[in-house]
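Comments concern the structure below.
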Amino acid sequence: MKFLSFKYKDAESYGVKVKREDAVWDLKQVFAEFGEGDFHPKTLLEGLQQNQTIDFQEQVRKAVVAAEDSGKADNYKIAFSDIEFLPPVTPTNNVIAFGRNYQDHASELNHEVQRLYVFTKAASSLTGSESTIPNHKDITDQLDYEGELGIVIGKSGEKIPKALALDYIYGYTIINDITDRTAQNSQDQAFLSKSLTGGCPMGPYIVTKDELPTPENVNIVTKVNNEIRQDGNTSQMINKIDGLIEEISKYVALHPGDIIATGTPAGVGAGLEPPRFLQPGDEVKVTIDNIGTLTTYIAEDSE
């Protein structure tokens, strides 16, 4: 399944992509009409939180089948052209991110890969696909992109052993780790440079892990104005997904809806010769196999 959150007619909702259609099943409506018992999660995060005691995915499947068989299926579908994509889920914690997890990317920025480099991006920096984000020209001329695979946690845990780590994953998404290189290079920590307003585009979907069985062998392609800048594969990750979850959970308790960004391959603007940073009016597209394409626009003015 491909889950998404969206705004339609000024109301926020969430749903799953309709198979073979550019449309979404509005799960708030579907559950209200066809949900079993009192299982009516109002947000995707609420659904993931309840997944620990109730099989959320199975409840979605049953309710959607009932909607399809109701004779009024179109009442519960909304075309993508009529919605505003939101971040698929907004975690209760900051987004946890790993840097320098691809050797070629570390090398292009002259960074040594000697130990884990971990930072967080404020949850307030999250935005959805097709959104226009500020160009931040008032503070930097070095706004950069980083296409990444995102992990979505499905159940709570801490001190998770590597052998069990994949059991804690609900699905995967796409993240563009927008970065202010000016701040990153002048400060001792990455939080501010990584947490700009609009600095964490995510989506358009969360793809359940059963639909992405080989997350460590998918292509990541980032285009700026349709020019390929990044062309990598998650097989190039230095620290693999199970190891990342094991390491994080030694220190931080993980909860449903938490997001982990796994690092970016080579080809960022700062690593090009000469550097090529994002400019007002630019379009950035990050595509990952079997998930989709995350599109972000850089505002023309300084809004």
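Could you count how many residues in segment 249-258 are open to solvent by less than 50 Å² (accessible area, probe 1.4 Å) and either in a loop (DSSP other than H, G, I, E, B) or out of contact with any helix residue (DSSP H, G or I) (no Cβ under 9 Å at 6 or more places or on another chain) (or both)?
Keep residues of segment 249-258 that are open to solvent by less than 50 Å² (accessible area, probe 1.4 Å), which gives 249, 253-254, 256-258.
Now drop any that are not either in a loop (DSSP other than H, G, I, E, B) or out of contact with any helix residue (DSSP H, G or I) (no Cβ under 9 Å at 6 or more places or on another chain) (or both), which leaves 253, 256-258.
Total meeting the criteria: 4.
Out of segment 7-44, which residues are more than 26 Å from Asn290 (Cα to Cα) and either surrounded by fewer than 16 Cβ atoms within 10 Å (Cβ to Cβ) or not assigned by the TED database to the domain that holds Ala63 (or both)? Walk me through how you get there before you give the answer.
Kept after step one, since they are more than 26 Å from Asn290 (Cα to Cα), are these residues of segment 7-44: 9-11, 29, 31-42.
Lys9, Asp10, Ala11, Ala32, Glu33, Glu36, Gly37, Asp38, Phe39, Lys42 - these are the residues of segment 7-44 that are more than 26 Å from Asn290 (Cα to Cα) and either surrounded by fewer than 16 Cβ atoms within 10 Å (Cβ to Cβ) or not assigned by the TED database to the domain that holds Ala63 (or both).
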Checklist line | Condition check for Leu164: without any contact (Cβ under 8 Å) to a residue 40 or more places away in the chain and aliphatic (A, V, I, L, M) | finding: yes
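Does segment 268-295 hold any residues that are outside any strand (DSSP E or B) and either among the polar types (S, T, N, Q) or at pLDDT below 95 (or both), and which are they? Break it down stepwise before answering.
First pass over segment 268-295, keeping only residues outside any strand (DSSP E or B): 268-282, 289-291.
Result: Ala270, Gly271, Leu272, Glu273, Gln279, Asn290.
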Next item on the list: Sort out which residues of segment 102-122 are open to solvent by 30 Å² or more (accessible area, probe 1.4 Å), at pLDDT 85 or above and not polar (S, T, N, Q), and write them in order of number.
Entry: Tyr117, Val118
Checklist line | Output for segment 183-198, where each listed residue is open to solvent by less than 60 Å² (accessible area, probe 1.4 Å) and either of a type in the set (Lys, Arg) or in contact with an Asp or Glu (Cβ under 8 Å, 6 or more places away or on another chain) (or both) | finding: Ser193, Lys194, Leu196
Next item on the list: Six or more apart or on different chains, Cβ under 6 Å: which pairs go from a residue in segment 266-291 that's assigned by the TED database to the domain that holds Thr179 to one that's of a type in the set (Phe, Trp, Tyr) and modelled with pLDDT of 95 or more? Could you list them?
Entry: Gly269/Phe277; Glu283/Tyr297; Val284/Tyr145
Next item on the list: Could you grab the pairs with beta carbons closer than 8 Å, sequence gap of 6+ or different chains, first residue in segment 137-154 and in contact (Cβ under 8 Å) with a residue 12 or more places away in the chain and not assigned by the TED database to the domain that holds Glu283, second one open to solvent by 10 Å² or more (accessible area, probe 1.4 Å) and in a strand (DSSP E or B)?
Entry: none
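Can you tell which of Gly47, Gly99 is crowded, with 22+ Cβ neighbours inside 10 Å and closer than 17 Å to Tyr172 by Cα?
Result: Gly47 is the single residue among Gly47, Gly99 that is crowded, with 22+ Cβ neighbours inside 10 Å and closer than 17 Å to Tyr172 by Cα.
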Check: What is the number of the single condition among (1) in contact (Cβ under 8 Å) with a residue 24 or more places away in the chain; (2) assigned to a loop (DSSP other than H, G, I, E, B); (3) open to solvent by 10 Å² or more (accessible area, probe 1.4 Å) that Glu246 does not meet?
Finding: (2)
Notebook entry, point to check: Where residues in segment 68-84 are touching a residue at least 60 places away in the same chain (Cβ under 8 Å) and open to solvent by 30 Å² or more (accessible area, probe 1.4 Å), which of them is nearest to the chain's Cα centre (by Cα)?
Noted result: Glu84
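Quick check: is even one residue across segment 172-180 closer than 24 Å to Asp210 by Cβ, in contact with a helix residue (DSSP H, G or I) (Cβ under 9 Å, 6 or more places away or on another chain) and not hydrophobic (A, V, I, L, M, F, W, C)? It would help to see each step written out before you state the result.
Of segment 172-180, the ones closer than 24 Å to Asp210 by Cβ are 172-175.
Filter once more, so that each one left must be in contact with a helix residue (DSSP H, G or I) (Cβ under 9 Å, 6 or more places away or on another chain): 172.
Of the ones still in play, those that are also not hydrophobic (A, V, I, L, M, F, W, C) are 172.
Yes: one or more hits.
The values are calculated or read from the model by the stated rules, or taken from the named source; none is laboratory data. These figures come from a predicted structure and were not determined experimentally. Cβ atoms come from the backbone with ideal geometry, glycine included; neighbour counts cover every protein chain shown. For accessibility, only protein heavy atoms count, side chains too; no ligands or nucleic acids. Shrake-Rupley method; radii C 1.70, N 1.55, O 1.52, S 1.80 Å.
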